[in-house]
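J.: Input: one structure, supplied below.
What follows is calculated from the coordinates using simple rules that are stated; it is not laboratory data. The model shown is predicted, which means the values in this text are computed figures rather than measured ones. Cβ atoms come from the backbone with ideal geometry, glycine included; neighbour counts cover every protein chain shown.
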Amino acid sequence: MRKIFLMMIWTTVVLVGLPGLVAAHPPQSMDLEYDFVEKVVHIDLSHVVRNGNDHFIKTAIVTKNDEEPIKSFYRKQSSPKTFTINVPLEAEGGDSIHVKVICSDGGTKKASVDVIGEEETNEDAKDEEGSAIETQEKATKKGSGY
């Protein structure tokens, strides 16, 4: 009798807890771009959701070097596939920008970009898997993964 009772409790825990674990997922991708002209970090996320009012990116944390982080909070995701965040930030060559985003259902994703100058490219930037990432010359730089 006790084994049946314990098995029923275990089954209930699995059935109640499993959907929440499956739903929690980080964005599929995150691209960072620093714009020297606008002095802003553009964060483009691929985060597929069914209902952007219930499942969305709730927090973005942007840190330059070891300075105090800039935290932004959100209450919904207007697009079912993407989410874009623009964070005002003064940066110059030699700065390192780190971004962490947190999903309302619990998944997280991190990325970074090293700012090396307005007219240079950042050929050493890597994504989370260690692959080289695309960068742009002129007033912007792209980067992902740290």
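J.: Restricting attention to the range 70-89, does a residue exist that is out of contact with any strand residue (DSSP E or B) (no Cβ under 6 Å at 6 or more places or on another chain) and among the hydrophobic types (A, V, I, L, M, F, W, C)?
T.: No, the conditions are met nowhere in the range 70-89.
J.: Taking the range 63-113 on its own, how many of its residues are in contact (Cβ under 8 Å) with a residue 60 or more places away in the chain and within 24 Å of Asn51 (Cβ to Cβ)?
T.: Looking only at that region, the number is 7.
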